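The values are calculated or read from the model by the stated rules, or taken from the named source; none is laboratory data. Everything numeric in this text was worked out from a predicted model, so none of it was measured. Every residue, glycine as well, gets a Cβ built from its backbone with ideal geometry; the counts of neighbours run over all protein chains shown. Ligands, DNA and RNA are excluded from the accessible area calculation, which covers all protein heavy atoms including side chains. Shrake-Rupley method; radii C 1.70, N 1.55, O 1.52, S 1.80 Å.
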Amino acid sequence: AVKCWGSNGSGQLGDGTAIDRPTPVTVSGLTSGVTAIAAGGYHTCALTNGGAVKCWGYNYFGQIGDNSTTNRTAPVAVSGLGSGAVAISAGGNHTCAITAAGAVQCWGYNGAGQIGDNSTFDRWTPATVSGISSATSIAAGAFHTCAVTTGGAAKCWGWNYSGQLGDNSTNTRLAPVNVSGLSSGVAAVATGGSHSCARL
């Protein structure tokens with residue numbers, strides 16, 4: 001089951017209201033069967049044991065993934081991800097998932113290329129990240145995203161003002177680039193607002 005609490009002005013707690021909650025409330029329709037949860041800036045997503053992704057909350061940039069920009073106060077299905085997802089991560093205003101085949105799909109705000117599809121167009125439904133076919137770990141930051149491949153390589157894309165992509169530059173990247181010195185041996189990645197870390 002999923003329970004959420006705190007700020008709820010955009011419906012990010014998923015209880016069908018926009019009322020802040022100082023104690024946990026049950027997310028509508030998610031009383032069992034959830035294997036992972038991810039909280040973004042003002043939206044939330046869950047992964048079910050059947051591989052479906054459901055999201056709720058703020059949706060101005062399409063980060064809910066239901067092909068709209070309407071805020072959702074209760075979970076809705078992400079278009080095209082009714083099954084087959086194995087991991088999720090929610091960033092500032094975008095969301096990403098890994099499929100069972102190892103592909104990475106992202107949706108939502110893309111002004112800095114954090115969707116990774118070689119564009120800066122916002123995506124209201126999942127778009128496939130260019131050049132990654134064997135991901136094992138995914139992390140969505142404020143305006144950038146990182147992934148680990150089955151070979152243990154770390155790759156990042158999106159906003160790079162502070163060098164958070166790790167490619168020895170501050171150039172924004174619209175598609176994944178290799179993190180310097182981490183072409184193998186990486187088990188997982190984590191992204192903050194403007195920095196990234198890896199566990200070897």
(message) modelled with pLDDT of 95 or more, open to solvent by less than 20 Å² (accessible area, probe 1.4 Å) and not in a strand (DSSP E or B): is that true of residue 139 in this structure?
(response) no
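Go through the range 29-62 and give me each residue that's out of contact with any Asp or Glu (no Cβ under 6 Å at 6 or more places or on another chain), of a type in the set (Gly, Ala, Ser) and in a loop (DSSP other than H, G, I, E, B).
29, 32, 33, 40, 41, 50, 51, 52
Yes or no, residue by residue, for (1) touching a residue at least 24 places away in the same chain (Cβ under 8 Å); (2) on the phi > 0 side of the Ramachandran plot; (3) open to solvent by 30 Å² or more (accessible area, probe 1.4 Å); (4) within 12 Å of the chain's Cα centre (by Cα):
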residue	(1), (2), (3), (4)
80	yes, yes, yes, no
92	yes, no, no, yes
112	yes, no, no, no
128	yes, no, yes, no
133	yes, no, yes, no
145	yes, no, no, yes
158	yes, yes, no, no
169	no, no, no, no
(request) Please work out which one of (1) in contact with a Leu (Cβ under 8 Å, 6 or more places away or on another chain); (2) surrounded by fewer than 24 Cβ atoms within 10 Å (Cβ to Cβ) is the condition residue 61 fails and give its number. (result) (1)
(request) State the number of residues belonging to the range 26-51 that are over 15 Å from residue 91 (Cβ atoms) and in contact (Cβ under 8 Å) with a residue 60 or more places away in the chain. (result) 0
(message) Quick check on the range 147-156: of everything there that is open to solvent by 10 Å² or more (accessible area, probe 1.4 Å) and assigned to a loop (DSSP other than H, G, I, E, B), which residue is nearest to residue 104 (Cα to Cα)?
(response) 150
(request) Filter the range 1-32 down to residues that are surrounded by 14 or more Cβ atoms within 10 Å (Cβ to Cβ) and in contact with a Gly (Cβ under 9 Å, 6 or more places away or on another chain), then give me how many there are. (result) 17
(message) Taking the condition of being assigned to a loop (DSSP other than H, G, I, E, B) and open to solvent by 10 Å² or more (accessible area, probe 1.4 Å), how many residues in the range 94-110 meet it?
(response) 4
